[in-house]
Amino acid sequence: MAIRSNTPGRPYLLVGQRIEALRLYAGLTVTEMAEVMGTSQSRYTTIQYGRALPDAEKLEPLCVRWGLSLDWIYRGDRRLMPVGIMDELDVKLQTLVDEEGRPHQRRPGRPAGTSRKRAPREED
C-alpha cells in the first residue's frame, strides 16, 4: 500500500490522519503531541494535515508510548497493533472523514469552535 494519498497538496494525508487520531485518542493538544514527538508545533501541524511525512525517529516515541507499529502509522497495517486500542483509534479516524471516506475540508489553523481572546483595546 502506498504512503501517498490522492489529495493534491496533502500527499501524506492518511499518515497525518492516523497521527491526529492517536492525538485525539490520547487527549493531547497539538503542542503536547509535538513535544512527545520531539518536534515543533508548526512541524507537527504540517504533518497532521498531510503536507509532510514524519521521520521514523519522530514516530518512535509514539510507538513506544502506545504500543503502535510504524506499519500502522505509515501504511495502515493493523496486524501488529494492540486490539484494545484499535477500536478506539478507528472511532477517532471516522471523525476525520465524511461518509464516503474523504477527509473533511478543514483549513489549517485552530480547530473549529476555538478562538484567541484578544485583549480589549485601550482608547486614547
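Brief remarks on what is shown
- Point-to-point label distance, Asp71-Gln94, nm (Cα→Cβ direction, 7 Å offset): 2.5
- Atom-type composition of the exposed protein surface of region 1-90 places 50 percent of the accessible area on carbon and sulfur (1.4 angstrom probe).
The values are calculated or read from the model by the stated rules, or taken from the named source; none is laboratory data. Note that the coordinates shown come from a computational prediction; the quantities given were computed from them, not determined experimentally. A quick note on method: Cβ atoms are made from the backbone with ideal geometry, for glycine too, and the neighbour counts reach across all protein chains shown. Only protein heavy atoms, including side chains, enter the accessible area calculation; ligands, DNA and RNA are left aside. Shrake-Rupley method; radii C 1.70, N 1.55, O 1.52, S 1.80 Å.
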